[in-house]
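This report refers to the structure that appears directly beneath it.
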Amino acid sequence: KQEVTQIPAALSVPEGENLVLNCSFTDSAIYNLQWFRQDPGKGLTSLLLIQSSQREQTSGRLNASLDKSSGRSTLYIAASQPGDSATYLCAPERGYSTLTFGKGTMLLVSP
Amino acid sequence: EPEVTQTPSHQVTQMGQEVILRCVPISNHLYFYWYRQILGQKVEFLVSFYNNEISEKSEIFDDQFSVERPDGSNFTLKIRSTKLEDSAMYFCASSEPRVRSYGYTFGSGTRLTVV
């Protein structure tokens, strides 16, 4: 059974800092891995999708990497802003089927 | 940008009552899903649906749950006899056929409160 762990559980930084969110998963037989953002009481917004054949994806200030063999992914946020405050969720996809979510990293960026 | 639409956004129901949660997936998507998130916990998979049948379900998705695509646009989750522990945010998601390059698109959720 796939287990997903996200470290740190919470992070508080001043505006402008670069930061790294970590995700590890136990079953490396994944099809792809998706990073989401969740605002309090809201739905899931897709940030980046990395297919298993890729090592990284970039979108604006976000960069996600994937090391499938070691079961790790990182999300790098450059020049953080208060609007980045949210919970970030990592979700590897098994086969052609389901996503398994971690508990997330709760990020607070203060002005 | 295409969206997955869920209604209602919030539903309160009495224990033992039946509820139907509704979703309109993205129009060219053929795979549909329900996930739930109990307050303070992880998002959990419930069921996936393709070609008018369930393709996979979790152990959470027991006989009290059912899904249906009653027409060409709607996808519903029915909970037959709600329990207090069914209180959660329920998310619908959809994905494109075959090529998964774009991942999953989630709706904004229905918050179900069972009292």
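The values are calculated or read from the model by the stated rules, or taken from the named source; none is laboratory data. As the structure is a prediction and not an experimental result, all values here were calculated from the model. Here the Cβ is made from the backbone with ideal geometry for all residues, glycine too, and neighbour counts use every protein chain on show.
For the range B:40-79, give me each residue that is assigned to a loop (DSSP other than H, G, I, E, B) and touching a strand residue (DSSP E or B) at 6+ places or on another chain (Cβ under 7 Å).
Residues satisfying the conditions are B:Ser58, B:Ile60, B:Phe61, B:Gln64, B:Arg69, B:Pro70, B:Ser73, B:Asn74.
Looking only at residues of the range B:85-106 that are surrounded by 17 or more Cβ atoms within 10 Å (Cβ to Cβ) and part of a loop (DSSP other than H, G, I, E, B), we find that the one that is modelled with the lowest pLDDT is B:Arg100.
Output the residue which, of all residues in the range A:1-36 that are touching a Pro at 6+ places or on another chain (Cβ under 6 Å) and in a strand (DSSP E or B), is surrounded by the most Cβ atoms within 10 Å (Cβ to Cβ). Ranking the candidates gives A:Leu33 first. The residue of the range A:40-72 that is surrounded by the most Cβ atoms within 10 Å (Cβ to Cβ), among those that are more than 10 Å from chain B (Cβ to nearest Cβ) and of a type in the set (D, E, K, R), is A:Lys68. Checking each residue in the range A:34-47 for being touching a Gly at 6+ places or on another chain (Cβ under 9 Å) and aliphatic (A, V, I, L, M) picks out only A:Leu44.
Do we have any residue at all in the range A:76-85 that's within 14 Å of chain B (Cβ to nearest Cβ) and assigned to a strand (DSSP E or B)?
For the range A:76-85, residues within 14 Å of chain B (Cβ to nearest Cβ) and assigned to a strand (DSSP E or B): absent.
Taken over the range A:87-111, the residue count meeting the criterion of being more than 14 Å from chain B (Cβ to nearest Cβ) and under 13 Å from the mean Cα position of the chain (by Cα) is 1.
Taken together, the residues in the range A:59-84 that are within 20 Å of A:Val109 (Cβ to Cβ) and among the hydroxyl-bearing types (Ser, Thr, Tyr) amount to 4. Mind checking which residues of the range A:16-39 are facing chain B (nearest Cβ under 8 Å) and of a type in the set (A, V, I, L, M)? Across the range A:16-39, there are no qualifying residues. B:Thr82 - would you say it is under 24 Å from A:Gln38 (Cα atoms) and crowded, with 17+ Cβ neighbours inside 10 Å? No.
Just to check your reading of the model, which residue among B:Ser94, B:Ser58, B:Ser66, B:Ser48 is of a type in the set (Gly, Ala, Ser), under 12 Å from the mean Cα position of the chain (by Cα) and facing chain A (nearest Cβ under 9 Å)?
So the residue among B:Ser94, B:Ser58, B:Ser66, B:Ser48 that is of a type in the set (Gly, Ala, Ser), under 12 Å from the mean Cα position of the chain (by Cα) and facing chain A (nearest Cβ under 9 Å) is B:Ser48.
Residue count for the range B:1-39, restricted to those that are part of a strand (DSSP E or B) and more than 16 Å from the chain's Cα centre (by Cα): 2.
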